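Engineer: Handing you a structure now.
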Amino acid sequence: MHILKPELSEEKTLELINRYHKLLLESGAKNIFIQNRGRRHLVYSIQHSHDGIFLQINYDGNGPLTNLFRKNIKFDDNIIRSLILKTKQH
């Protein structure tokens, strides 16, 4: 789950979605599912923002892929908060 800056336009949000989808595909991720959950009010402010655009990205990948993805997310100024979880495999 990632929270984007609230002032991003729909075009810029779609551009970010496409960039991260392409990064995951090129890195070997499988079963990529990206869902824009829309703009929501935050319970507490993050970087002086009271709203954020929530973006959910699910994929199957290994540790190095996740580290690469985390590094790209960390240095993206359009993302104000990010949470990456490992789920149990079936």
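Engineer: State which residue pairs qualify: first residue within 12 Å of Ile57 (Cβ to Cβ) and inside region 21-45, second residue of a type in the set (S, T, N, Q) in any location, beta carbons under 7 Å apart, and separation of 6 or more residues or different chains.
Structural biologist: Correct list of pairs: Leu23/Asn72; Phe33/Asn58; Gln35/Gln56; Asn36/Thr13; Arg37/Gln56.
Engineer: Something else about it: Give the residue, chosen from Leu68, Leu85, that is open to solvent by 100 Å² or more (accessible area, probe 1.4 Å) and either out of contact with any Cys (no Cβ under 9 Å at 6 or more places or on another chain) or among the charged types (D, E, K, R) (or both).
Structural biologist: Leu85
Engineer: For region 59-73, name all the residues that are of a type outside the set (Ser, Thr, Tyr) and either within 14 Å of His21 (Cβ to Cβ) or over 10 Å from the mean Cα position of the chain (by Cα) (or both).
Structural biologist: Asp60, Gly61, Asn62, Gly63, Pro64, Leu65, Asn67, Leu68, Phe69, Lys71, Asn72, Ile73, listed by residue number.
Engineer: Also, I was wondering about something else. So which residues in region 1-13 are under 12 Å from Asn78 (Cβ atoms) and open to solvent by less than 80 Å² (accessible area, probe 1.4 Å), if there are any at all?
Structural biologist: Result: His2, Ile3, Leu4, Lys5, Pro6, Leu8, Ser9, Lys12, Thr13.
Engineer: While we're looking at this one, here's another question. Considering Gln56, Gln47, which residue is loosely packed, with under 15 Cβ neighbours inside 10 Å, under 12 Å from the mean Cα position of the chain (by Cα) and closer than 22 Å to Leu8 by Cα?
Structural biologist: Gln56
Engineer: Of all residues being modelled with pLDDT of 85 or more and part of a loop (DSSP other than H, G, I, E, B) in region 75-90, which is farthest from His2 (Cα to Cα)? Just the residue, please.
Structural biologist: My answer is Lys86.
Engineer: Within region 14-41, which residues are open to solvent by 90 Å² or more (accessible area, probe 1.4 Å), assigned to a strand (DSSP E or B) and not charged (D, E, K, R)?
Structural biologist: Correct list: Asn31, Phe33, His41.
Engineer: Something else now. Is there a residue being among the aromatic types (Phe, Trp, Tyr) and without any contact (Cβ under 8 Å) to a residue 12 or more places away in the chain anywhere in region 72-82?
Structural biologist: yes
The values are calculated or read from the model by the stated rules, or taken from the named source; none is laboratory data. Predicted, not measured: the structure shown is a model, and the values here were computed from it. Positions of Cβ are backbone-derived with ideal geometry, glycine not excepted, and every protein chain shown enters the neighbour counts. Only protein heavy atoms, including side chains, enter the accessible area calculation; ligands, DNA and RNA are left aside. Shrake-Rupley method; radii C 1.70, N 1.55, O 1.52, S 1.80 Å.
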